[in-house]
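Notes follow once the structure below has been shown.
The values are calculated or read from the model by the stated rules, or taken from the named source; none is laboratory data. Small disclaimer: the values here were computed from a predicted structure and weren't measured. Protein only, heavy atoms only, side chains kept; ligands, DNA and RNA dropped before computing areas. Shrake-Rupley method; radii C 1.70, N 1.55, O 1.52, S 1.80 Å.
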Amino acid sequence: MRRVRTIDKLLEYLDSVECPIGKSTISKLIKEEKIPHIRIADRILIFDLDDIDKWLGGSMQEYKAN
């Protein structure tokens with residue numbers, strides 16, 4: 001399982017797969033529960049990159065359409 005622990009690391013990953021998204025957009029998606037993540041404490045988030053890849057293939061297309 002590939003995981004990253006911060007929004008900045010997630011942003012690096014998204015850039016590496018040619019899907020740049022701004023930090024404020026990611027924060028909004030987290031708040032709205034529209035991006036897969038695990039909150040293990042108030043300020044600690046974990047992103048499973050396999051789930052992010054699936055999200056990019058499906059939900060992200062819906063997000064871009066809006």
Would you mention how many residues in the stretch 8-45 are open to solvent by 30 Å² or more (accessible area, probe 1.4 Å) and either on the phi > 0 side of the Ramachandran plot or β-branched (Val, Ile, Thr) (or both)? 7
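In the stretch 1-34, which residues are of a type in the set (A, V, I, L, M, F, W, C) and modelled with pLDDT under 95? Please lay out each step first, then the result.
First, the residues of the stretch 1-34 that are of a type in the set (A, V, I, L, M, F, W, C): 1, 4, 7, 10-11, 14, 17, 19, 21, 26, 29-30.
Hits for the stretch 1-34 are Met1, Val17, Cys19, Ile21.
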